[in-house]
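Peer 1: Sharing a structure with you now.
FYI, it's all coordinate maths here, none of it is from the lab. Fair warning: this is a prediction, and the values are worked out from it, not measured in the lab. When we count neighbours, we look across all protein chains shown, and the Cβ atoms used for this are built from the backbone with ideal geometry, even at glycine.
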């Protein structure tokens, strides 16, 4: 196995590492922790947080890339690696990934969706629906499908509920030892949620739903195509799971890339005022006057031309698609930093007149230290709120941009590309609805959770809302 | 006020120059005319003569910024930058790569765009404000909570999904209106109904949420308490006091987009086959016709700046305390 690091992978690792180190830093500091506790204490906040974490876990698994070793028979000493870059998620989902059919097939189908000419053993030809190579291939008689699915669902449910109960018992035991009371008392506390405690009931229900979902999909996914197959016969469920990483990368890396510029320029404009302010204001007014889609389009077109002219600079297909994704994040970041920059400038203008900043200036503390120690911590809540609020919009924007033809690379699996091809599939007769459905459901759940989570974050961090109670 | 408007217009000039230089750098310096020619003529087997011919037909055969063969002012003026950029300020957009007059195309395609964007804008504004006033009236009840949750759910659905499923249900399954197309005069109505409905529904989620926050912010202020203490009914308080005072934050978001309505919507127009400016831009993007894309960027910027100036003027209309100096 040979480890491959793509550019976006690197940034994903950096992001995860910084979030992790912040949480370690904040653990002992109550003033940093208090608003986060408030987020988790709201029921919707806790629920959406858990589901977002599940998404992030999948996205992270999909960000560890490597090339598999090919077993060569003739020469044992030489190690050859496959040209195909796959991720840990691909490796886990190998049965689904490699279960390739010929073309469209409906969810849980045993036969293809279109008729084709089949040659019978006696040489005669008939037109019929061909059996799938993988979906339901274990069935001797396709009419047994319903009972087989019912059996698998039952096993899945039992497994899911079993894991859930085990998990619940584990949590109760851990809590009992931490709170130093009996398990019975822990269970009563959990059943009657109080406001100042975590919403344990919601947390348990969410985990239950997650476990059952995972158990069911793993049980059924190996035997059937849960969400059918697409035009080239690839499993749609696998595709929509793969799209998670693309959506998350666009939603998070875009803000990560723009953040340093927005923070630095915004605070500088507000703090120094005068000439610096004029230049920075001119910069962001100019950028924000250009309609965002057109600027993105322009930049992506240029990248396309550049890539077409320099095909040697980019290695494999995956790396090429990855560079394009990174570039899309950068350009989306450039078009979306102006709003945050304007907010920060206003806030810095206000903060620099406050007593503690004036006092620091009077003591002769230099500007850099004032900005980093006194102004930056006091604008962080604005930064955080705007990052969280932007996330869902960016995930949705990816779909629109892919439709216009300036989104992620066409070879990359993303919800945008899935919806894009669904346009033709919906016009077919009979209609092919499952790729659209699959992309819609997973995208909807992600964006909904992101919206609910950002509401909770805003409620907890916005001082105006906090004061009102 | 006139002095203020003139000053704002003068401020717009450096911004427009900035935008112009930026798009020039993006389209002509990073991506040279040679690249463009090869892209258009097909990537492989392109002779240098064909490239030169393509460039000459479109006036791209001159130097980019400085023409050292000329003397006097022609050193600067006989260049691509001068010819392709200065004309934009006089709204002379030049010709597209296919040789059509861009300004004429824009003037023709503006109206279908407007025919769809204006109803979406007006109906959408009216629905959003009515719904959010309703939610503000029933604040902190189950009606309010249901409304807010529905809003978040509607907001989380991709606009593409609204369009695709709307077209499928209403046009393909129920055959109520044609799937796509456009016609002139009153015949256009049957083509416009579906995109307008979808446009309005797509905007309800975020719209009502935004207006509801504005109304709730106003409702908590002192003058509202005074009005209630005088014995005014809640409805009267809402319409006479809260709505009037909420106009300023509402106008901030609304007036800016009015001039941009001309630009149309990229997605809606291309899905519904409406020959407006949005689909014009998409076609240009897909054909990689940079002359059109540049003209549209410039036009969009001009309209955005007009929108900002209009916003400032509209403040004086709703709030007599504000004077533009």
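Peer 1: Relative contact order (percent) for chain A, with alpha-carbon contacts under 8 angstrom and 6 or more residues of separation? Each step should come with its number before you reach the end.
Peer 2: Working: 598 pairs, mean separation 92.8, N = 469.
Averaging sequence separation for qualifying contacts and normalising by length gives 20 percent for chain A.
Peer 1: Do the sum for the protein assembly as shown: with -39,500 (n - 2.57) for every DSSP H run of n ≥ 4, divided by all residues, what is the mean residue ellipticity at 222 nm, to the nearest 500 deg cm²/dmol? Provide the component values of the computation, followed by the final result.
Peer 2: Numbers: 32 runs with 523 residues, N = 794.
The helix-only estimate for the protein assembly as shown comes to -22000 deg cm²/dmol at 222 nm.
Peer 1: Same structure again: Within 10 Å of each residue's Cβ, count the other Cβ atoms and sort B:175, A:374 from fewest upward. Provide the component values of the computation, followed by the final result.
Peer 2: On the way: B:175 9, A:374 18.
So the ranking, lowest neighbour count to highest, is B:175, A:374.
Peer 1: Another question, then. What list do you get for A:282, A:31, B:168 if you sort them by fewest beta carbons within 10 Å?
Peer 2: Details: A:282 14, A:31 7, B:168 18.
Lowest count first: A:31, A:282, B:168.
Peer 1: Which ordering of B:109, A:178 is given by a fewest-first count of other beta-carbon atoms within 10 Å?
Peer 2: On the way: B:109 21, A:178 9.
The order, fewest Cβ neighbours first, is A:178, B:109.
Peer 1: Here is a follow-up. Mind giving me the FRET efficiency for residue B:229 and residue A:36? R0 is 35 Å, r the Cβ-Cβ distance, nearest 0.05 is fine.
Peer 2: Working: r = 40 Å, r/R0 = 1.15.
The value I calculate is 0.30.
Peer 1: Hey, another quick one. Using all Cα-Cα distances in the stretch B:152-222, what percent lands in each 5 angstrom bin from 0 up to the longest?
Peer 2: 3, 15, 19, 17, 13, 11, 8, 6, 4, 2, 1
Peer 1: Quick one: length gained pulling residue A:120 to residue A:306 fully straight, 0.36 nm per residue minus the C-alpha distance?
Peer 2: Details: separation 186, 0.36 × 186 = 66.96 nm, distance 5.23 nm.
The residue A:120-residue A:306 span can extend by a further 61.7 nm.
Peer 1: In degrees, nearest 10, range 0 to 90: what is the angle between the Cα axis of helix A:145-179 and the longest Cα principal axis of chain A?
Peer 2: 30
Peer 1: Using only the alpha-carbon atoms, what does the stretch A:236-454 span along each of its principal axes? Please give whole angstrom values in decreasing order.
Peer 2: Its Cα atoms span 75, 43, 30 Å along the three principal axes.
Peer 1: Sticking with this structure for a sec: How far is helix A:200-221 tilted off the main Cα axis of chain A, in degrees rounded to 10, range 0 to 90?
Peer 2: The two axes meet at around 30 degrees.
Peer 1: What is the distance, in nm, between label points placed 7 Å from the Cα along the Cα-to-Cβ direction at residue B:169 and at residue A:319?
Peer 2: Calculated label separation equals 4.8 nm.
Peer 1: At what distance in nm do the modelled label points of residue A:158 and residue B:111 sit from each other, each positioned 7 Å from its Cα along Cα→Cβ?
Peer 2: About 7.2 nm, to one decimal.
Peer 1: Then there's this: Provide, in order from the shortest bin, the percent of all Cα-Cα pairs of the stretch A:345-469 in each 5 Å bin, continuing until the bin that contains the maximum pair distance.
Peer 2: Spelled out bin by bin, the stretch A:345-469 gives 2, 9, 13, 13, 12, 10, 9, 8, 8, 6, 5, 3, 2, 1, 0, 0 percent.
Peer 1: Enter the mean number of other protein chain beta carbons within 10 Å of the beta carbon of each residue in B:22-34, as an integer. Please report the intermediate quantities before stating the final value.
Peer 2: Values: counts 5, 4, 0, 1, 5, 3, 0, 1, 6, 8, 2, 0, 1.
The mean count of partner-chain Cβ atoms within 10 Å per residue comes to 3.
Peer 1: Restricting the calculation to Cα positions, tell me the Rg (one decimal) and the Dmax (whole number) of the protein assembly as shown in Å.
Peer 2: Answer for the protein assembly as shown, Rg first and Dmax second: 29.5, 99 Å.
Peer 1: Nearest 10 degrees, 0 to 90: what angle lies between the long axis of helix A:7-26 and the longest principal axis of chain A (Cα atoms)?
Peer 2: 50
Peer 1: Count, for each residue of B:285-291, the Cβ atoms from other chains sitting within 10 Å of its Cβ, then give me the mean as a whole number.
Peer 2: Working: counts 9, 5, 0, 3, 0, 3, 0.
Going residue by residue through B:285-291 and averaging, the value is 3.
Peer 1: Pairs of alpha-carbon atoms within less than 8 angstrom and 6+ residues apart define the contacts here; what relative contact order does the stretch A:375-469 have, in percent? The partial results should precede the final answer.
Peer 2: Working: 67 pairs, mean separation 29.1, N = 95.
RCO, the stretch A:375-469: 31 percent.
Peer 1: At residue B:104 and residue B:321, where each label point lies 7 Å from the Cα along Cα→Cβ, what is the point-to-point distance in nanometres?
Peer 2: 5.4
Peer 1: Report the gain in length on full extension from residue B:240 to residue B:68: 0.36 nm times residue separation, minus Cα-Cα distance, nm rounded to one decimal.
Peer 2: My answer for the length gained is 55.1 nm.
Peer 1: Just the number: Rg to Rh for chain A, Cα atoms, Kirkwood Rh, two decimals.
Peer 2: Details: Rg = 26.5 Å, Rh = 25.8 Å.
With Rg and the Kirkwood Rh in hand, the quotient comes to 1.03.
Peer 1: Estimate the FRET efficiency between residue B:1 and residue A:276 by the formula 1/(1 + (r/R0)^6), using the beta-carbon distance for r and 25 Å for R0, to the nearest 0.05. Each step should come with its number before you reach the end.
Peer 2: Working: r = 30 Å, r/R0 = 1.21.
The value I calculate is 0.25.
Peer 1: Could you tell me the calculated FRET efficiency between residue A:131 and residue A:209, based on Cβ-Cβ distance and R0 = 45 angstrom, to the nearest 0.05?
Peer 2: 0.85
Peer 1: Still on this structure: For residue A:359 and residue A:21, calculate 0.36 nm times their separation in residues minus their Cα-Cα distance, and state this gained length in nm to one decimal.
Peer 2: Working: separation 338, 0.36 × 338 = 121.68 nm, distance 3.17 nm.
Extending this stretch completely gives an extra 118.5 nm.
Peer 1: Inside 10 Å of the C-beta atoms of B:159-166, what's the mean count of C-beta atoms belonging to other chains? Walk me through the intermediate numbers first.
Peer 2: Details: counts 5, 15, 10, 0, 3, 8, 4, 0.
Taking all residues of B:159-166 together, the mean is 6.
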